[in-house]
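For reference, the structure discussed in these notes is given below.
The values are calculated or read from the model by the stated rules, or taken from the named source; none is laboratory data. Model, not experiment: these values are computed from the prediction. Neighbour counts run over all protein chains shown; Cβ positions are idealised from the backbone, glycine included. Ligands, DNA and RNA are excluded from the accessible area calculation, which covers all protein heavy atoms including side chains. Shrake-Rupley method; radii C 1.70, N 1.55, O 1.52, S 1.80 Å.
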Protein chains: 2
Amino acid sequence: MAITRAISDPSRVRILLALRQGELCVCQITGLFGFAPSTVSKHLSILHQAGLIQSRKTERWVYYRLAGKSAPAAAREAIGWVHKSLGRTGEAARDAKNLKKILATDPAEICRRQRC
Amino acid sequence: MAITRAISDPSRVRILLALRQGELCVCQITGLFGFAPSTVSKHLSILHQAGLIQSRKTERWVYYRLAGKSAPAAAREAIGWVHKSLGRTGEAARDAKNLKKILATDPAEICRRQRC
DNA sequence: TGTATATTTCGTCAAACAACTAAATGATTA
DNA sequence: TAATCATTTAGTTGTTTGACGAAATATACA
């Protein structure tokens, strides 16, 4: 049930879709959505608790990525369903486009820009 | 997103699991859960709007069943995930056990008993 | 036709939730 | 050591949600 609750929020689904491109740090997701860092952090915490994403801390940044082979089948299959069934919307395409711009920028500059 | 919202509530998941046994009328589900009929009706409405269940009206009763072949793939796959990933809990087993008793009783008597 | 009966709709209330700001934490750099 | 930076935690606020009871709808029966 932690999984169903986690994917019931549109912003968290957007995060799961964005992470298809690879791992992202908190400030990159913040830059993508325009939410406050604390809001993004909370969403990531819920996704993490549901076993849908994993994290890696390096230098100043925490990177989040989709749960891999080590994750329970229920989580992996939920991720697959989200990508397949919710990944073709206009919003997803728009996010992917904006994400490209963000990925072309150094994370440090993104953080400086949003003063996070 | 209607699907993710629909399966984010534990009671609605319980309904989807109960419907594995076959179609059920509103008063049978009401008897299984102990909720007010209006509460069950609302849950069924949300599941129906998400395309996860279908309904059939006959005589005085409305029977609900899991969405079949005609339903969109996203809905059918969500149902499959729910059954596979959430159908093995103790609560699901308890519900299935209680449901057997309810199925052994005439729907009319169930309704009379709960004055619905 | 009138009266049950089964379900749905409406209105209300308390609990849960997502967003924010501000403060705390933890790690790096001067 | 002090300062800065990225993230998290705490606390607040407005909105959504799930529960109920009462009224409305629709169907069957007397």
Quick check on my link table: of A:LYS57/A:LYS101; A:LYS84/B:LYS69; A:LYS84/B:LYS57, which ones sit more than 25 Å apart, alpha carbon to alpha carbon?
A:LYS84/B:LYS57
Chains B and A: buried accessible surface, both sides, probe 1.4 Å, rounded to 100 Å²?
1300
So who's got an amide H within less than 5 Å of the one on A:GLU23, skipping anything under 5 residues away but keeping other chains? H placed 1.01 Å off N, in plane.
none
Hey, can you find the accessible area per residue of region B:1-42 for me, probe 1.4 Å, expressed in square angstrom?
38
Defining the label point at 7 Å along Cα→Cβ, can you sort the distances from B:LYS100 to the same site in each other copy, shortest first, in nm?
5.8
Considering Cα pairs under 8 angstrom that are at least six residues apart, work out the relative contact order of chain B and quote it in whole percent.
34
For the protein assembly as shown, what % of the accessible area comes from carbon and sulfur atoms, probe 1.4 Å?
50
Measuring nothing but label to label, 7 Å from Cα along Cα→Cβ, what are A:GLY34's distances to the other copies in nm, shortest first?
4.8
Determine the gain in length on full extension of the stretch B:GLN54-B:MET1; use 0.36 nm per residue of separation and subtract their C-alpha separation, reporting nm with one decimal.
17.2 nm
B:LYS100 to B:SER70: extension gain in nm, 0.36 nm per residue of separation minus the Cα-Cα distance?
8.0 nm
First obtain the Kirkwood hydrodynamic radius of chain B from its Cα pairs, then insert it into the Stokes-Einstein equation at 10 °C and 1.306 mPa s, and state the resulting D in µm² per second as a whole number.
111
Looking down the axis that turns A into B, which residue of A has the closest beta carbon, and how many Å out?
A:SER8, 2
Gap separating the Cα centres of region A:2-36 and region B:1-65, nearest whole Å:
30
If you put a point 7 Å past Cα along the Cβ direction, how far is that point for A:VAL62 from the same point in each other copy, in nm, smallest first?
4.5
Show that you can apply the helix-only estimate: for chain B, add -39,500 (n - 2.57) for every DSSP H stretch of four or more residues, divide by all residues, and state [θ] at 222 nm to the nearest 500.
-18000 deg cm²/dmol
